[in-house]
Amino acid sequence: MSLSETLPAIEPGWVWLVGAGPGDPGLLTLHGLNALKSADVIVYDALVDGRVLDLAAPTVERIYAGKRGGRPSPKQHDISARLVSLARDGRRVLRLKGGDPFVFGRGGEEALALVEAGIPFRIVPGVTSGIGGLAYAGIPATHRDVNTAVTFITGHSLTGEVPDGLDWPALAHGAPVLVFYMAIKHLGEIVTRLIEAGRPADDAVALVSKATTDAQQVVVTRLDRAVTESRAIEPPALVVVGEVVRLRPALDWLGAMSGRKLEPDPLGTRRREEAV
């Protein structure tokens, strides 16, 4: 029996909340691929790469439910209600979300709505952009000689503003690596708050636009120049702050595939390791 024959398929009346990953369809999980093949209807987000949707059965119904800042978008309540209605009609429903449904993806909200309505569901994790996007940019989220912690932060709250209640001094001093999702719009305020809270102005920053896609763009700069440099990129984009960014010249494997020469370990981490 092949692996595909042992994987569970969506049953009638069920909703699967599936993470599609950050873009590259090769990062889709096997459960996610099987869901694409077995669904009757796909309710998908704006950040789902079209190449992922192309893997679905040709007869599947596709319903766009994308939410993009500053543009007319479906209300979250309406999206959740649509999922409930489709499942009650006996459809095999795939709710396809960019990245991971439980990492800044509102998957928890939609799952709770399904629970309240008595709809059975399954969660299929996906590769979140804060991990996959950094890897494709040649930036490790952690490196044992550089950082032992990483903090993921949303760049805007439910109201669309910079999140209230963030402890900026704690972020500035206690988190060696900061990864901001959807932060370009409010990058000026974020940079100001971090520097005022004590983050060094010359701290390394990477701006990763359209991560893991053919249009990926990476800009490396410093914290006090990040706003100016951000004008050259388009969202969706990650903002990464911390020393791990300085490893990119050595670990830019995508650049190496295009002929770029990698630099020897810029931070000397191998030499430190060999000295221990």
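None of the figures in this text is laboratory data; all of them are computed from the coordinates on show. Predicted model only: the values in this text are computed from it and were never measured. Note that we place each Cβ from the backbone using ideal geometry, even for glycine, and neighbour counts take in every protein chain shown.
Need one number: the % of Cα-Cα pairs in the chain sitting beyond the 31 Å mark. Distances greater than 31 Å cover 34 percent of the Cα pairs.
Net charge dipole, the chain: roughly 360 debye, given to the nearest 20, about the Cα centre with Cβ charges of +1 for Lys and Arg and -1 for Asp and Glu. With 0.36 nm allotted per residue and the present C-alpha distance subtracted, the V227-D78 stretch has 50.1 nm of extension available.
Helices in the chain, meaning DSSP H runs of at least 4 residues, each add -39500 (n - 2.57). Divided by all residues, the mean residue ellipticity at 222 nm is -8000 deg cm²/dmol. In the chain, the sites counted are trypsin sites (Lys or Arg not before Pro) in DSSP loop states with at most 11 other Cβ atoms within 10 Å, and the longest stretch holding none of them, exclusive of the sites, is 145-230. Charged side chains reduced to their Cβ positions (Lys and Arg at +1, Asp and Glu at -1) give the stretch 130-275 a dipole of some 360 debye around its Cα centre. Exposure proxy shown here: for H77, H186, the number of other Cβ atoms within 10 Å sets the order, fewest to most, as H77, H186. Under 5 Å from the amide H of T154 lie the amide H atoms of Y181, each residue being 5 or more positions distant or on a separate chain, with H modelled from the backbone and absent for Pro and chain starts.
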